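Structure record follows, encoded as structure tokens.
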Amino acid sequence: MVKPQLILILGDQLTPGLSALAAGDPARDVVVMAEVAGEASYVPHHPKKIAFLFAAMRKFAAELREAGWRVAYSRLDGPDNAGSIPGELLRRAGEHGAAEVIATQPGEHRLHAVLEDLPLKTLILNDDRFLCSPGAFAAWAKGRKELRMEWFYRAMRRQTGLLMEDGKPEGGKWNYDAENRKPASANLLRAGPLRFDPDAVTQEVLDLVADRFADRFGRLEPFWFATDRAGAEAARDHFLAHGLPGFGDTQDAMLTGDRFLNHAVLSMYLNAGLLDPLDLCRRAEAEYRAGRAPLNAVEGFIRQIIGWREYIRGIYFLQGPGYTASNALGADRPLPAFYWGAPTDMACIAAVVEQTRDEAYAHHIQRLMVTGNFALLAGLDPAAVHEWYLSVYADAYEWVEAPNTLGMALYADGGVVASKPYAASGAYIDRMSDYCRGCAYDVKAKTGDRACPFNLLYWDFLLRHRQRFQSNPRMAVIYRNWDRMAEDRRRATLDGAAAFLSRLDGARPQK
Ligand code: FAD
Ligand code: DLZ
Ligand code: SF4
């Protein structure tokens, strides 16, 4: 009898056309899917993220069975669960007399290494749900002095033909971001993401997660995510109809009373494999062609997906496993307890952390310019910040989280992703949000007891790293402004920053 092969499907590989499935044979092979303590606990994932993945995994396993596959599915509370992906593969290999595993490339180097170490013959296939393979990205990157996203994005526009007209970009420009940096005002008609009531399968998972992961940072309920393809597609169509037309305008804005604005809130579905990125972009383009969404919105949205998302993944695989240990700025301050929900007087941080706790979601500018910016300015340990981002968001896997955190937000990779640090004072947050209105600090105050900490830390950060950044042409003017400042103001700024940081260091860390 021909021995079956094991087809491994990880929690973020819930796609019927996955390369590992395409290489298998339903008449011979066994699909292995496993809820395991190892994956649920290598960082303290948000309970909503665990519930989302387990419910979606259970539903995908049922879909595969209906399509004729034999599926060996392990529940977290199953009596023989080995607790890890390799443990489950070995157990299933013994059960089914299998000696070979077919897998699709995992999104984290750590799991790739584990698969390569298995005492079973293991074939790891390219993940062709992405438009640019690691090999193709390496070829694009080869010989370039700088790996700027914009150039990569243009290559992807040409490759896909999205928003292209006779080889030229639609409307004559590649990028309409200049039109996309507006603050937002409250709008009760903004639809927000589509919400779903848990069905019986999801409710069973919610009970399990409530029981096993009660100590984690993050609210499990209300749980409103879609957990299958049909739901994710409904969420997609809802965004295309209601969110996309205003996407560009409010892309960088933040409002206390509107956690989602016009953002898609689709990243958790895309990253788990419930939505196809190219199909999503084609549908967005169709909205533009039908006159239902403007070019600045559609171009901006498509750029996020075929540009940023693919570029970030390319960087992750190009840089290799050592990337997560990057610390170019030598930052070493422990993560303050307010990242895990302890009280803080900084209204912007409090709002973003509270939203993160409730929704396992924050949009890009909240991640980059509030929690990320604070971590950069205060010199927080990149490894701790990386673990936080990987834990708390429902869309977080290392391939996408690490270059965003270490490269874009923290400049810890020394400028691979960002040509200069995304450092900003309180003025940026004040311009783009309504957070400052409810803050104990005064965003206009540059020194003194009520000075916004971002104003103090901004200069402290720039001064700490003057040697590195003052020769950057895009930053030289900032240093000239500092040098022109009155001596007593400079001293008060740095003294204020030192006092703030020493209070931060004195506060007891807690999790
Ligand atoms: P929208 O704003 O509506 O954008 C549409 C889509 O574009 C997103 O669904 C996403 O798939 C893609 N996209 C946009 N920006 C990026 C980007 N910079 N990198 C990759 N894809 C992008 N995104 C994740 O998917 N997982 C993460 O773990 C993650 N960690 C981040 C950490 C930091 C510090 C920062 C600054 C950004 C991070 N991002 C991450 C990128 C971005 O914040 C999220 O993709 C976005 O907020 C998801 O929400 P949305 O679906 O509403 O996105
Ligand atoms: C994130 C996650 C969690 C919480 N749990 C599981 C799990 O129990 N089983 C599984 O196969 N995958 C899980 N995942 C997703 C994996 O961690 C993910 O596949 C890797 O991090 C690679 O992206
Ligand atoms: Fe944040 Fe400063 Fe504004 Fe307060 S004043 S919300 S700390 S930017």
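Using the structure shown, decide if Cys436 is out of contact with any Asp or Glu (no Cβ under 6 Å at 6 or more places or on another chain) and either over 28 Å from Pro106 (Cα atoms) or within 16 Å of ligand 2 (Cβ to nearest atom) (or both). Before the answer, list the steps.
Working: out of contact with any Asp or Glu (no Cβ under 6 Å at 6 or more places or on another chain): no; either over 28 Å from Pro106 (Cα atoms) or within 16 Å of ligand 2 (Cβ to nearest atom) (or both): yes.
Spelling it out, it is not the case that Cys436 is out of contact with any Asp or Glu (no Cβ under 6 Å at 6 or more places or on another chain) and either over 28 Å from Pro106 (Cα atoms) or within 16 Å of ligand 2 (Cβ to nearest atom) (or both).
Against the definition (within 16 Å of Glu287 (Cβ to Cβ) and within 20 Å of the chain's Cα centre (by Cα)), how does Phe225 come out, yes or no? Working first, answer last.
Numbers: within 16 Å of Glu287 (Cβ to Cβ): no; within 20 Å of the chain's Cα centre (by Cα): yes.
No.
Can you find even one residue in the range 151-173 that is of a type in the set (Lys, Arg) and within 30 Å of Val101 (Cβ to Cβ)?
Residues of the range 151-173 of a type in the set (Lys, Arg): 154, 157-158, 168, 173.
Next cut, within 30 Å of Val101 (Cβ to Cβ) only: none.
No - not one qualifying residue is present in the range 151-173.
Given the conditions (1) loosely packed, with under 14 Cβ neighbours inside 10 Å; (2) at pLDDT 95 or above, and given that Leu494 satisfies all but one, which numbered condition is not satisfied?
(1)
Could you check, for the range 48-70, whether at least one of its residues is over 25 Å from Asp207 (Cβ atoms) and either within 12 Å of ligand 2 (Cβ to nearest atom) or crowded, with 19+ Cβ neighbours inside 10 Å (or both)?
yes
Among the listed residues Met485, Met475, identify the single one that is surrounded by fewer than 18 Cβ atoms within 10 Å (Cβ to Cβ) and either modelled with pLDDT of 95 or more or small (Gly, Ala, Ser) (or both). Let's see the steps before the verdict.
Values: Met475 fails: surrounded by fewer than 18 Cβ atoms within 10 Å (Cβ to Cβ).
Of the residues listed, the single one that is surrounded by fewer than 18 Cβ atoms within 10 Å (Cβ to Cβ) and either modelled with pLDDT of 95 or more or small (Gly, Ala, Ser) (or both) is Met485.
For the range 375-421, which residues satisfy the criterion of being within 11 Å of ligand 1 (Cβ to nearest atom), assigned to a helix (DSSP H, G or I) and over 21 Å from Glu108 (Cα atoms)?
Ala375, Leu376
Just to be sure I understand, how many residues within the range 93-134 are among the small types (Gly, Ala, Ser) and more than 26 Å from Tyr311 (Cβ to Cβ)?
Narrowing the range 93-134 to residues among the small types (Gly, Ala, Ser): 93-94, 97-99, 103, 107, 113, 133.
When the remaining residues are screened for being more than 26 Å from Tyr311 (Cβ to Cβ), the result is 93-94, 97-99.
Qualifying residue count for the region: 5.
For Phe225, are the conditions met, namely being more than 11 Å from ligand 1 (Cβ to nearest atom), assigned by TED's automatic domain parsing to the domain that holds Leu275 and modelled with pLDDT of 95 or more?
Details: more than 11 Å from ligand 1 (Cβ to nearest atom): yes; assigned by TED's automatic domain parsing to the domain that holds Leu275: yes; modelled with pLDDT of 95 or more: yes.
In short, yes.
Between a first residue in the range 331-345 that is within 15 Å of ligand 3 (Cβ to nearest atom) and a second residue that is modelled with pLDDT of 95 or more and part of a loop (DSSP other than H, G, I, E, B), which pairs have beta carbons less than 6 Å apart while being 6 or more apart in sequence or on different chains?
Phe338/Thr344; Asp345/Ala440
Since Val416 meets every condition but one in (1) more than 23 Å from Tyr153 (Cβ to Cβ); (2) out of contact with any Phe, Trp or Tyr (no Cβ under 6 Å at 6 or more places or on another chain), which condition does it not meet?
Going through (1) more than 23 Å from Tyr153 (Cβ to Cβ); (2) out of contact with any Phe, Trp or Tyr (no Cβ under 6 Å at 6 or more places or on another chain) one by one, Val416 breaks only (1).
Yes or no: the range 112-135 includes at least one residue that is without any contact (Cβ under 8 Å) to a residue 12 or more places away in the chain and surrounded by 16 or more Cβ atoms within 10 Å (Cβ to Cβ). Step through it out loud before you land on a result.
Taking the range 112-135 first, the residues without any contact (Cβ under 8 Å) to a residue 12 or more places away in the chain are 116, 133, 135.
Still in the list and also surrounded by 16 or more Cβ atoms within 10 Å (Cβ to Cβ): 133.
Yes; the residues of the range 112-135 include at least one that is without any contact (Cβ under 8 Å) to a residue 12 or more places away in the chain and surrounded by 16 or more Cβ atoms within 10 Å (Cβ to Cβ).
Tell me yes or no: at least one residue of the range 405-422 is within 9 Å of ligand 3 (Cβ to nearest atom) and either of a type in the set (Asp, Glu) or at pLDDT 95 or above (or both).
First, pick out the residues of the range 405-422 that are within 9 Å of ligand 3 (Cβ to nearest atom): none.
Checked against the condition, which is being within 9 Å of ligand 3 (Cβ to nearest atom) and either of a type in the set (Asp, Glu) or at pLDDT 95 or above (or both), the range 405-422 yields no hits at all.
Could you please let me know if Ser433 is out of contact with any Leu (no Cβ under 8 Å at 6 or more places or on another chain), more than 30 Å from Ala141 (Cβ to Cβ), buried (at least 16 other Cβ atoms within 10 Å of the Cβ) and of a type in the set (Gly, Ala, Ser)? Talk me through it step by step, then tell me what you get.
Values: out of contact with any Leu (no Cβ under 8 Å at 6 or more places or on another chain): no; more than 30 Å from Ala141 (Cβ to Cβ): yes; buried (at least 16 other Cβ atoms within 10 Å of the Cβ): yes; of a type in the set (Gly, Ala, Ser): yes.
The answer is no for Ser433.
With respect to Thr227, determine if the residue is part of a helix (DSSP H, G or I), crowded, with 20+ Cβ neighbours inside 10 Å and in contact (Cβ under 8 Å) with a residue 40 or more places away in the chain.
Details: part of a helix (DSSP H, G or I): no; crowded, with 20+ Cβ neighbours inside 10 Å: yes; in contact (Cβ under 8 Å) with a residue 40 or more places away in the chain: yes.
Criteria not met by Thr227.
Restricting the search to the range 238-280, which residues are more than 16 Å from ligand 3 (Cβ to nearest atom), assigned to a loop (DSSP other than H, G, I, E, B) and small (Gly, Ala, Ser)?
Of everything in the range 238-280, those that are more than 16 Å from ligand 3 (Cβ to nearest atom), assigned to a loop (DSSP other than H, G, I, E, B) and small (Gly, Ala, Ser) turn out to be Gly248, Ala264, Gly273.
Looking only at the range 322-365, filter to residues that are closer than 23 Å to Phe247 by Cβ and within 16 Å of ligand 2 (Cβ to nearest atom); which one of those is nearest to the chain's Cα centre (by Cα)?
Residue satisfying both the conditions and the ranking: Tyr361.
The values are calculated or read from the model by the stated rules, or taken from the named source; none is laboratory data. These numbers were taken from a predicted model, which means no experiment stands behind them. Cβ coordinates were reconstructed from backbone atoms using ideal geometry, including for glycine residues, and neighbour counts include every protein chain displayed.
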